[in-house]
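Every read-out reported here was derived from the displayed coordinates using simple, explicitly stated rules and does not represent laboratory data. These numbers were taken from a predicted model, which means no experiment stands behind them. When we count neighbours, we look across all protein chains shown, and the Cβ atoms used for this are built from the backbone with ideal geometry, even at glycine.
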Amino acid sequence: MKYIFIAIISYFIGNISFAYILGKILTNKDVREFGSGNAGTTNAIRAFGKKVGAMVFSGDVLKGVVAVLFGRYFAGQTGAYIAGAFAIIGHNWPVLLNFKGGKGVATTIGVMVFVNFYLTLICVIIGVIIIIFTRTVSLGSISGMAVAPLVAIILIRPLTFDLLLFTIFVASMSIYRHKDNIKRLIKGNENKF
């Protein structure tokens, strides 16, 4: 029963859309009506500028952190994994915004920081390097998340089955949410910054 409670609360923590809320408060605009229509950091930067984008990123990271700490408090590391997964799902498919959310990158970073800091640091560094060299945010985001299981297998000791499973979930979620970006990358017409 406590796992269900953690899942539900974490899902609604994930539903808090800083791109939508800050867009409405600061500009009186709906981020979903601009650019990709995505309620996440990259689209918030495109729609409202870097300052608002930085606030959106920070808020989305923070809600991932809050969810994991909440889950861990009530049910240890298993609770942290459940809370993290449902916060990401809540961000990506928020019932409060008719299931039109973000792609979960910032929220996943917040979740992963408190699941395994070193794994997160390595994945973020990989993602940032790719963004810098390709000037393509989506490619860096996808790559940073997609390598998480491999990084865990190679570098994390002891590697628990739960952590490996969670990194596979994170990688799969990132790839799935970026499927349109992947199609554009293959065609060579993905947005650069």
Rounded to the nearest whole number, the per residue volume of the convex hull around the C-alpha atoms of the chain in Å³ is 107 Å³
Per the Kirkwood formula over distinct C-alpha pairs, the hydrodynamic radius of region 61-148 in angstrom is 13.2 Å
Under 18 Å from the Cα of K179 - lysines, other chains or at least 8 residues apart: K100, K103, K187, K192
Among rounded, prolate and oblate, which fits region 116-193 when a ≥ b ≥ c are the square roots of the eigenvalues of its C-alpha gyration tensor, a/c under 1.5 means rounded, and a/b larger than b/c means prolate? oblate
Among all the lysines, which ones have a C-alpha under 22 Å from K2's C-alpha, if same-chain residues fewer than 8 places away are not counted? K63
What's the magnitude of the charge dipole for the chain around its Cα centre, counting Lys and Arg as +1 and Asp and Glu as -1 at the beta-carbon? Answer in Debye, nearest 20. 420 debye
Determine Rg/Rh for region 1-115; Rg is computed over alpha-carbon atoms and Rh is the Kirkwood hydrodynamic estimate from the same atoms. 1.01
